[in-house]
Ligand code: PXP
């Protein structure tokens, strides 16, 4: 079964925002990723606009040849933007102002009514909702209750494991959660903290449809270029699936 690669280009915008220059261009970056094997382009419009700007979302929507996966908090402001832009997918994430990156999965179970409302509103606008959650059956059940068609399993704890034993525990948790969600009819994606070193074991989980990877690809692109950094990762995903 094929596996798709979503490239998160937030940190191209981080570099641009560091100097307030018009470059590097997100449109050009997205085009290079798409031409190098990316199956979708992911971007996170944060409430503090630290990297991706509203105009980026507009511009990219017009020129992407694959599809847009817009990550956002489940706020009224973001919902308004998403329904205006109409990305193919919207991934709901928790957001804290001071965090360096998304730190954990969304607690869907504690806000079922609100998340259900957001999923319904997005689905009415032909946008598929993905819920970024920890590898936890309780949260998966909650995602089903909200009517989300997709979940993205948070792989950050796996990526941050400091011992081989911890790594195996986290991998097993992810693998069990993926199978559980897949059997409930959800599309299962995963991502966060994935690198050329740790992605293979995750990509070998056959129920995973898409991996969203950003920081390691953009970091590696400094040395090998964005096209190679993207195609290397795509190649790794294919090999993990015996393709
Ligand atoms: N998936 C989600 C929901 C995220 O928030 C992020 C980070 O923006 C990623 C995937 C990609 O994580 P990384 O940049 O560590 O590859």
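Has segment 131-153 got any residue that is on the phi > 0 side of the Ramachandran plot and in contact with a helix residue (DSSP H, G or I) (Cβ under 8 Å, 6 or more places away or on another chain)?
So in segment 131-153, the residues on the phi > 0 side of the Ramachandran plot come out as 147.
If we keep only those that are in contact with a helix residue (DSSP H, G or I) (Cβ under 8 Å, 6 or more places away or on another chain) too, we end up with 147.
Yes; the residues of segment 131-153 include at least one that is on the phi > 0 side of the Ramachandran plot and in contact with a helix residue (DSSP H, G or I) (Cβ under 8 Å, 6 or more places away or on another chain).
Please count how many residues of segment 197-225 are away from the ligand (no atom under 13 Å from the Cβ), out of contact with any strand residue (DSSP E or B) (no Cβ under 9 Å at 6 or more places or on another chain) and assigned to a helix (DSSP H, G or I).
5
Identify, by number, the condition in (1) more than 19 Å from residue 210 (Cβ to Cβ); (2) surrounded by 15 or more Cβ atoms within 10 Å (Cβ to Cβ); (3) at pLDDT 95 or above that residue 62 doesn't meet.
Going through (1) more than 19 Å from residue 210 (Cβ to Cβ); (2) surrounded by 15 or more Cβ atoms within 10 Å (Cβ to Cβ); (3) at pLDDT 95 or above one by one, residue 62 breaks only (2).
Somewhere in segment 143-162, is a residue surrounded by 17 or more Cβ atoms within 10 Å (Cβ to Cβ), in contact (Cβ under 8 Å) with a residue 60 or more places away in the chain and under 16 Å from the mean Cα position of the chain (by Cα)?
Yes, there is a match, as at least one residue in segment 143-162 is surrounded by 17 or more Cβ atoms within 10 Å (Cβ to Cβ), in contact (Cβ under 8 Å) with a residue 60 or more places away in the chain and under 16 Å from the mean Cα position of the chain (by Cα).
How many of the residues making up segment 1-32 are under 18 Å from residue 209 (Cβ atoms) and away from the ligand (no atom under 12 Å from the Cβ)?
Summing the residues that are under 18 Å from residue 209 (Cβ atoms) and away from the ligand (no atom under 12 Å from the Cβ) in segment 1-32 gives 4.
The values are calculated or read from the model by the stated rules, or taken from the named source; none is laboratory data. Keep in mind that what you see is a predicted model, and the values were worked out from it rather than measured. Using ideal geometry, Cβ is built from the backbone for each residue, glycine included, and neighbour counts are taken over all protein chains shown.
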